[in-house]
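This report refers to the structure that appears directly beneath it.
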Amino acid sequence: MRFTLALIVCAVLSAADHGEVLAVLGPDRLAIQYYQLPVTVRLAEIEIPADSADAAQAKLGEVTGKKSTIAWAADLGADDAGVPRVYVTIGADTASVNESLVAAGLAKAKPIGQGGRNRDRLAAAQAKAQKSKLGMWAAGAAVAAAPTPATAAAPPATAAPQGTAAKAKAPFCAEVDGKNFYPSDAPEAARLNPKRLVYYTSEAAAKKAGKALWQPAAPSAGGTTITDARAGFERGKALVTQASGQEPTPERDKLYERAFLELSSAMQVYSRLAEAKPDDEKLGEEMRQCMQMRYGAMKSKRLH
C-alpha cells in the first residue's frame with residue numbers, strides 16, 4: 001500500500017487552514033505551505049478545459065507567494081492521486097481562487113456530491129461570465145483566444161523561458177509586493193508572475209528597495225534516518241502527554257508549541273523516507289500517527 005503525504009494531509013486538514021502559496025503546479029494545482037510542510041492541493045468543484053489550461057495557469061501565477069486560506073471538507077475528497085480537493089482564498093478576498101477562475105471564463109463550475117456549499121457562488125460566477133462572454137464563453141472565439149490581453153501575453157507561471165526573459169532585463173528581479181528578490185535566471189524567478197516583476201541592476205539596489213535576497217530553506221535539523229524521526233516523534237509525544245495533564249494555561253500552550261515543532265521536524269524526516277520507500281507500510285503508519293499527533297498539538301494550543 002502506497003502512503004503519500006497528500007493522502008495523510010487530506011485526512012487531517014481542518015475546515016480552514018492557512019499557508020503561503022509556494023508554486024503553481026498546473027491550471028488547478030498549487031503547492032501550499034501547510035504548517036512547515038509543502039502540500040499539493042487541487043482546486044475543488046471546477047473543471048478547466050484543455051484549451052484554457054495555459055491561461056488558467058497564468059492567472060494562478062498571480063497568487064504565488066501570497067498568504068492563503070485552505071478550506072476542505074470530507075465530501076470534497078481527493079483526486080485519484082490522493083491530492084485533496086480544496087477551496088483556496090487569498091488574504092482578505094471573499095471570492096475563492098476557484099470562483100475567480102470561473103468568473104474569468106477559464107473554468108466551469110462542477111459541484112461534487114453534497115460539497116456544493118459554494119455551488120451557488122460558482123453558478124452565479126459562471127452565469128456572469130457567460131453573460132459577459134468571457135473566456136470560453138466568448139461568442140465565436142476559441143477558448144485559447146479568450147483571456148484578456150494581459151493574461152494571454154503571460155505564459156504559464158512555471159514555464160522555463162521566464163528566467164531567460166528576466167535575465168535579459170537585469171540580473172535580479174522581484175514581484176512588486178514581494179518580500180524577496182531573486183537572481184533573474186533562478187528557477188524560482190520563473191515561477192513569479194511576469195506582469196508584476198520589477199528588476200534591479202545589483203543586490204544593493206534590491207536591498208535598498210526593501211527586498212531580501214531569497215535563500216533556499218535550510219535543511220531540517222531533525223536528522224535523516226528513521227531513528228531520528230522516531231526520536232523526534234517520541235519527544236513530541238512526551239510533550240503532548242505532559243501538556244494534556246495540565247490546566248489551560250500559557251505554560252501548557254508552550255508545551256503544545258514545543259510538541260508541534262518536534263513533531264514537525266520528525267514529519268520532515270518521515271516524509272523524505274516515505275518518498276524513498278513508498279511501499280513501506282510500517283513507515284507509512286508511523287508517519288500517519290506522527291501527523292495526527294502534530295495536528296492535535298496544533299489544535300490544542302489556544303489562540304491568543
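The values are calculated or read from the model by the stated rules, or taken from the named source; none is laboratory data. The model shown is predicted, which means the values in this text are computed figures rather than measured ones. Neighbour counts are summed over all protein chains in view; Cβ atoms, including those assigned to glycine, are modelled from backbone coordinates with ideal geometry.
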Pick out the one residue from 291, 298 that is crowded, with 20+ Cβ neighbours inside 10 Å, under 18 Å from residue 39 (Cβ atoms) and among the aliphatic types (A, V, I, L, M). 291
Do we find a residue being modelled with pLDDT under 90 and assigned to a helix (DSSP H, G or I) anywhere in segment 12-28? yes
How many residues, within segment 177-215, are touching an Asp or Glu at 6+ places or on another chain (Cβ under 7 Å) and not in a helix (DSSP H, G or I)? 6
Of the conditions (1) modelled with pLDDT under 75; (2) more than 30 Å from residue 255 (Cα to Cα), residue 218 fails just one. Which one is it? (2)
Going by the structure shown, is residue 128 of a type in the set (Lys, Arg), at pLDDT 85 or above and either within 28 Å of residue 278 (Cβ to Cβ) or surrounded by fewer than 24 Cβ atoms within 10 Å (Cβ to Cβ) (or both)? yes
